[in-house]
Amino acid sequence: MSQPPVIAIVVPCYNEEEALPITAPKMLEILDSMAATGLASPDSYILCCNDGSKDRTWETIGRLHAMDSRIKGISLAHNRGHQKVLLAGLMTVCDRCDAAISIDADLQDDPMAIVRMVELFVNEGDEIVYGVRSSRATDSWFKRTSAHAFYNMQRKMGVETVFDHADYRLMSNNALRLLAEYGESNLFLRGIVPHIGLKTGIVTYQRAERVAGESKYPLSKMLSFSIDGITSFSAKPMRMIFLIGTILLVLDIAVAIWVLIAHFCGRTMSGWSSLMLSVWFLGSLILIGMGIIGEYIGKIYIEVKHRPRYAISKTIW
Ligand code: UDP
Ligand code: MG
């Protein structure tokens, strides 16, 4: 790379009027230091993405832009959630930068890691660099445990994700263009980005407390996000229905033997044996049938997403 790259820092903001005036100058400082050392272009900038905030976030972005034009903004018509506003930001900068870094507005993710991400991008040619938390000491016990349980469950379901990585990452222009080809509306970027492939690197950092304001992710949002994270990538839950049905069908043999013995020993009431046998047998058949239908629905689900079938990372012509 002959010229230092233009870096775009993309910041999703929902009701962040308190945090932004602290966060934006901090990030400008980092851009300044990278421009001074020649690591990034002086044209690098920050895109604040207002996710239909109810407070004065958008006005704050306007005020910050008036002070320094490297702070730019977009505003969604109404609140669409972190993943969608982040995608809107990334697609806005897609053709206007060499690499984009997504980071939350609350400085919980150490902004100094931005420099190390850009270094990996420039020196190692990493097209995707994940920010990974080295410790979650500042998270509550509940958040930490539930997050780890969620990562483990995802792995078991065959979803490819990076442990302890939230949406703090660098993506090259090339990676952004490949991301643009994913047409799905149930967005789970932490699963989609590893799905793209490309050369990746990792930068670790300590997670801090929120700089101002409070979390915009209540338990209900976290839960629905986790369910999205599994169901957007895996048809395994449906396959499990089929598996349970098959196991029950095998168990039927044991149940049938037990019922017949009880029947011939005369230890049963009339009608019990036939009822038991049919409940077990039909139950397992129904589950197997649902599993088979699920298998087809899973295929349809994958098809309607219209995901790109491959991603070319380099060409020599
Ligand atoms: N956020 C958003 N839209 C929402 C909720 C959150 O853009 O509907 C942003 C928020 O402004 C912040 C980031 O997503 O920049 C992460 O949210 P938060 O820090 O509240 O989540 P937590 O770190 O507590 O999980
Ligand atoms: Mg946060």
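The values are calculated or read from the model by the stated rules, or taken from the named source; none is laboratory data. Keep in mind that what you see is a predicted model, and the values were worked out from it rather than measured. Here the Cβ positions follow ideal geometry from the backbone for every residue, glycine too, while neighbour counts run over all protein chains shown. We work out accessible area using only protein heavy atoms, side chains counted, and drop any ligands, DNA or RNA first. Shrake-Rupley method; radii C 1.70, N 1.55, O 1.52, S 1.80 Å.
List of remarks:
- Residue satisfying all of: in region 255-280; open to solvent by 80 Å² or more (accessible area, probe 1.4 Å) and β-branched (V, I, T); nearest to G245 (Cα to Cα) among these: V279
- In region 179-202 there is at least one residue matching the filter, namely being at positive phi and touching a helix residue (DSSP H, G or I) at 6+ places or on another chain (Cβ under 6 Å).
- Any hit, region 160-174, residues being over 27 Å from S135 (Cα atoms) and either over 15 Å from the mean Cα position of the chain (by Cα) or not hydrophobic (A, V, I, L, M, F, W, C) (or both): yes
- Within region 1-23, considering residues that are closer than 18 Å to T92 by Cβ and aliphatic (A, V, I, L, M), the one surrounded by the fewest Cβ atoms within 10 Å (Cβ to Cβ): V6
- Only helices (runs of 4 or more DSSP H) whose full extent lies in region 1-120 are considered here, and the ones with at least 1 residues that are of a type outside the set (A, V, I, L, M), more than 27 Å from Y182 (Cβ to Cβ) and without any contact (Cβ under 8 Å) to a residue 40 or more places away in the chain are 20-36, 57-67.
- For region 139-156, the set of residues classified as touching a residue at least 40 places away in the same chain (Cβ under 8 Å) and within 15 Å of the chain's Cα centre (by Cα) consists of F150, M153, Q154, listed by residue number.
- Subset of region 61-113 [open to solvent by less than 10 Å² (accessible area, probe 1.4 Å), within 14 Å of Y14 (Cα to Cα) and touching a Ser or Thr at 6+ places or on another chain (Cβ under 9 Å)]: I61, L86, G89, I103, A105, D106
- Residues that are closer than 17 Å to I103 by Cα and in contact with an Asp or Glu (Cβ under 9 Å, 6 or more places away or on another chain) do occur in region 25-38, at least one of them.
- Hits in region 32-46 - residues which are of a type in the set (A, V, I, L, M) and surrounded by fewer than 24 Cβ atoms within 10 Å (Cβ to Cβ): M34, A35, A36, L39
- Residues that are away from ligand 1 (no atom under 16 Å from the Cβ) and either open to solvent by less than 80 Å² (accessible area, probe 1.4 Å) or basic (K, R) (or both) within region 217-241 comprise I230, T231, S232, F233, S234, A235, K236, P237, M238, R239, I241, listed in sequence order.
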